[in-house]
Each structure stands twice: as C-alpha cells, then as structure tokens.
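The values are calculated or read from the model by the stated rules, or taken from the named source; none is laboratory data. Predicted, not measured: the structure shown is a model, and the values here were computed from it. Because the Cβ atoms are built from the backbone with ideal geometry, glycine has one as well, and the counts that use them run over all protein chains shown.
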Amino acid sequence: MATGFQIRKIHTLKNILGLDDDCYQDMLMSFGVGTSKNLTYTEAIIFIEILEDKAVESGLWEKLPKKYEGLFRDDAMASDSQLRMIEGLWREICYFDNNKFAQISLRKFLKSKHGVDDVMFLTKDKASKVIQSIKAMKKNLKKAKFHRVQRV
C-alpha cells in the first residue's frame with residue numbers, strides 16, 4: 001500500500017495543480033482505485049511522477065532528483081531504476097508499512113538469498129535475478145491469499 005508520505009505528496013501536488021475532484025478521481029481510476037490510499041507503493045510512485053511532471057511543466061513545482069540518481073556507478077553495477085524497482089517491489093510484499101523494517105528485511109533477504117549486503121552492491125545481472133525472485137515471491141503471496149479466500 002502507499003505510504004503516508006506518498007499520500008501526503010499526492011494531495012500536495014493535487015492542490016498545487018488545482019485539480020478538481022472529478023479530474024483527480026479519473027486519474028485514480030486509471031490505476032483501478034478510488035482513493036490514493038488504495039494505490040500500491042509502486043503505483044503511488046508512478047502517480048507522483050505523473051503529477052510532478054505536470055507541476056514542473058506548469059512551473060509550479062521543482063522536481064528533486066530520484067533516489068540513486070547521479071551516483072557514480074560502474075557500468076557493470078545495477079542501474080538507479082533497477083535499485084528503485086527492487087525497493088518498490090520489496091515494499092509491496094513487506095508485511096509492515098514501515099520504512100526502517102522494509103530496509104532491514106530487504107538487506108536480510110539480499111544477504112541470505114543473493115550473498116550481497118546492500119542493494120548498492122548489486123551488479124546488473126544480480127539485480128535482474130533479485131527482481132525476478134521478488135516478483136516470484138509476490139506471485140506466490142497472491143496465490144496464498146487466493147487459496148485462503150477460497151477455503152473460507
């Protein structure tokens with residue numbers, strides 16, 4: 001689910017852009033939700049980027065650099081977008097809506113399953129494997145939830 005920070009940022013951008021409720025609801029419906037609270041962590045990131053782009057174009061907002069953007073990294077190392085994707089996917093399967101817990105649990109996962117202490121040390125190839133393994137975990141969680149619902 002979207003974090004409290006993301007929801008506040010969405011509403012701030014909505015107000016800065018002067019979006020009326022109908023337009024805002026239409027934008028949310030394109031994600032298949034009726035409220036920003038029902039966006040996934042990754043969907044919220046995408047929605048914020050859309051709103052930020054509109055605000056920047058209008059001259060109402062100054063966009064901050066994305067996480068990991070501008071870091072000097074070797075070509076063999078994972079890209080900024082791969083690192084952000086790993087963190088976003090992890091937040092979607094993380095049990096608690098807590099940044100500190102998500103960071104700690106991701107580091108434990110990386111260490112135990114992929115032999116790396118932190119996302120910053122991932123190569124492009126290893127980052128792709130991490131992304132695939134988190135996607136598989138997400139798929140298995142959805143199956144488990146489906147089976148629990150079916151048994152009730």
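In table form, for the structure just shown:
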read-out: Identity of the residue in the stretch 51-78, within 16 Å of the chain's Cα centre (by Cα) and in the same structural domain as Ile16 (by TED's automatic domain parsing), that ends up surrounded by the fewest Cβ atoms within 10 Å (Cβ to Cβ); value: Glu52
read-out: Answer residue from the stretch 103-149, given it is over 17 Å from the mean Cα position of the chain (by Cα) and among the polar types (S, T, N, Q) and is surrounded by the fewest Cβ atoms within 10 Å (Cβ to Cβ) among those; value: Ser112
